Amino acid sequence: MGIFTYLISSALGVLALPLATIFITTVLIFVLMFVFSMIGDALGGASFNPIATAALYAADVTPDSLISMAFRFPAQVAGAGDGTLAIMEVMPTQYRLMLGGPSLKVDLHTGAIAEGVFVKKERSMISDHSLANILY
């Protein structure tokens with residue numbers, strides 16, 4: 001996503017404007033979601049996101065069985081891995097540095113402690129301000 005944002009914003013000459021790059025990224029995400037939704041509908045409701053598949057199964061919205069989920073998850077993970085490898089193969093060398101994902105800037109123990117603190121704080125904030133607490 002960052003590569004396409006960089007290419008479009010540099011072509012438009014708005015690379016120095018942070019709001020313009022955020023707008024370009026938002027439009028790109030919208031277009032990708034629209035295209036993948038159309039592809040999913042054309043394939044009979046295919047889902048490209050394992051989290052969405054798990055959430056729909058847990059909510060008992062889909063007629064899928066546990067056996068179909070057991071086959072679908074590994075297939076989606078393998079497809080994601082193959083897609084990542086394909087992107088790495090066709091990416092021009094000058095943009096390969098932009099492909100890095102999130103990385104930990106501190107040691108592993110500090111990162112794990114920080115993650116635990118933030119998750120606990122987030123859960124307590126959600127439970128303190130939940131809709132049930134606001135209504136009662």
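The values are calculated or read from the model by the stated rules, or taken from the named source; none is laboratory data. Please read these numbers as outputs of a predicted model, since none were measured by experiment. Cβ: placed from backbone, ideal geometry, glycine included. Neighbour counts: every protein chain shown. SASA here: full protein model, heavy atoms, side chains in, ligands and nucleic acids out. Shrake-Rupley method; radii C 1.70, N 1.55, O 1.52, S 1.80 Å.
Numbers for the structure displayed
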quantity: Total residues in region 37-61, condition β-branched (Val, Ile, Thr), at pLDDT 75 or above and either open to solvent by less than 40 Å² (accessible area, probe 1.4 Å) or not in a helix (DSSP H, G or I) (or both); calculated: 1
quantity: Count of residues meeting criterion [at pLDDT below 80 and farther than 13 Å from Ile3 by Cα] in region 85-108; calculated: 3
quantity: Within region 22-33, considering residues that are under 15 Å from the mean Cα position of the chain (by Cα) and open to solvent by 100 Å² or more (accessible area, probe 1.4 Å), the one modelled with the highest pLDDT; calculated: Phe30
quantity: For Ala11: the one exception among (1) modelled with pLDDT of 85 or more; (2) part of a helix (DSSP H, G or I); (3) surrounded by 10 or more Cβ atoms within 10 Å (Cβ to Cβ); calculated: (3)
